[in-house]
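To start, the structure itself, in structure tokens.
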Amino acid sequence: MHLFNEAEYYPLPEGIFEKYQFSSVYVTSPVYFDESFFLFETDSNVGNEPDTVLPVWFVPIFESEEKYIEKHGADQFEDLLFETDELVDFNRKPLI
């Protein structure tokens, strides 16, 4: 079961991150970690819990970055994410 899809963005509710002018959150893999972190498999079978967990990041993005995703696709936007070290800085400038 997936509640959010990777490589998609979701609009932020009004007032959230308003101070920083972000418009949405982009769902991605944790880009600052080794690929082994992208998928967590458990050996416990407890109730209805999934055996595999996909950790995701919700990266706040600007409207210009949304437009870039629409025009160039998520793969090219992901390339930009891998090249920056400012994703955890809410005062960052738009990548585009």
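The values are calculated or read from the model by the stated rules, or taken from the named source; none is laboratory data. All of these numbers come straight from a predicted model, not from anything done at the bench. All Cβ positions, glycine included, derive from the backbone under ideal geometry; neighbour counts span all protein chains shown. Note: accessible area is taken over every heavy atom of the protein model, side chains too, but ligands, DNA and RNA are not part of it. Shrake-Rupley method; radii C 1.70, N 1.55, O 1.52, S 1.80 Å.
Net charge in the neighbourhood of H72 (other residues with Cβ under 13 Å of its Cβ; Lys, Arg +1, Asp, Glu -1) is -4. Each peptide among 71-77, 13-19 gets the average number of other Cβ atoms lying within 10 Å of its residues, and from highest to lowest they stand as 71-77, 13-19. Multiplying the residue separation of E70 and E18 by 0.36 nm and removing their Cα-Cα distance gives an extension gain of 16.5 nm. Computed from the C-beta positions of T84 and A7 and an R0 of 25 Å, the FRET efficiency is 0.90 to the nearest 0.05. Note on segment 50-96: semi-axes of the ellipsoid equivalent to its C-alpha gyration tensor, largest first and rounded to whole Å, are 21, 15, 10.
Ordered from largest to smallest accessible area (heavy atoms of protein chains, 1.4 Å probe), the residues L87, L54 come out as L54, L87.
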